[in-house]
Amino acid sequence: MAICRVDTVSIPVSDQNQALQFYRDVLGFELIRDHAESQQTRWVQLVPKGAETTISLVKPFAGMEAGGIQGLVVQTYDIQSTHQELTGRGVALSEIITMMEGRFATFNDPDGNGWVLIESTGSMLA
């Protein structure tokens, strides 16, 4: 089998401009591409700094609905610091929970797409 990695995850959003502002300006993702073929078709692609897998902020298609993605996991090396920084930027994060040799907190984007922020030990990776 030749599948070797996850390249891009589509995140269904109701407003691409609002979502772009959240992911770029609040979460600190880097904008790779913002290209509109027409008023109905726009490709907005971002990546967390240093990551390989990207996200695309898409208008819902093929059974998707804005806010319908849950459980996407992003990793940090210092969850306490990242939690404080994101909270200061207006992100509503859960309390930090320790389990399975890692520390976790959850948050949602403006549409309700659910994310998990983790800090894991070397023996536990997402």
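Brief remarks follow.
Residue-by-condition table, conditions (1) among the small types (Gly, Ala, Ser); (2) within 23 Å of residue 16 (Cβ to Cβ):
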position	(1), (2)
60	no, yes
63	yes, yes
68	yes, yes
76	no, no
84	no, no
95	no, no
98	no, no
104	no, no
109	no, yes
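- Scanning segment 26-38 for residues that are part of a loop (DSSP other than H, G, I, E, B) and surrounded by fewer than 15 Cβ atoms within 10 Å (Cβ to Cβ) turns up 28, 37, 38.
- When segment 76-95 is filtered for residues that are assigned to a loop (DSSP other than H, G, I, E, B) and surrounded by 14 or more Cβ atoms within 10 Å (Cβ to Cβ), the ones remaining, listed by number, are 76, 91, 93.
- Meets criteria (of a type in the set (Gly, Ala, Ser), out of contact with any Pro (no Cβ under 7 Å at 6 or more places or on another chain) and surrounded by 11 or more Cβ atoms within 10 Å (Cβ to Cβ)) for residue 51: yes
- Residue count, segment 1-43 (criterion: over 19 Å from residue 114 (Cα atoms) and aliphatic (A, V, I, L, M)): 6
- Neighbours by Cβ (under 9 Å, 6+ apart or cross-chain): first from segment 1-12, among the acidic types (Asp, Glu); second at pLDDT 90 or above and surrounded by 11 or more Cβ atoms within 10 Å (Cβ to Cβ): 7/53; 7/54
- Criterion: buried (at least 17 other Cβ atoms within 10 Å of the Cβ) and free of Cβ contacts under 8 Å to residues at least 60 places away in the same chain - qualifying residue of 58, 73: 58
- The sole residue among 30, 101, 65 that is modelled with pLDDT under 95, out of contact with any Asp or Glu (no Cβ under 6 Å at 6 or more places or on another chain) and of a type in the set (Asp, Glu) is 101.
- Options 68, 112; residue that is out of contact with any His (no Cβ under 6 Å at 6 or more places or on another chain), part of a loop (DSSP other than H, G, I, E, B) and open to solvent by less than 30 Å² (accessible area, probe 1.4 Å): 112
- Residue match in segment 39-48 (condition: closer than 22 Å to residue 121 by Cα, part of a strand (DSSP E or B), touching a strand residue (DSSP E or B) at 6+ places or on another chain (Cβ under 6 Å) and open to solvent by 90 Å² or more (accessible area, probe 1.4 Å)): no
- Residues that are exposed (fewer than 15 other Cβ atoms within 10 Å of the Cβ) and either at positive phi or part of a helix (DSSP H, G or I) (or both), drawn from segment 7-25: 17, 18, 21, 25
The values are calculated or read from the model by the stated rules, or taken from the named source; none is laboratory data. None of these values were measured; they are calculated from a predicted model. Backbone-built Cβ (ideal geometry, glycine too); neighbour counts: all protein chains shown. Each accessible area value is taken on the protein alone, full model and side chains, heavy atoms only, with ligands, DNA and RNA left out. Shrake-Rupley method; radii C 1.70, N 1.55, O 1.52, S 1.80 Å.
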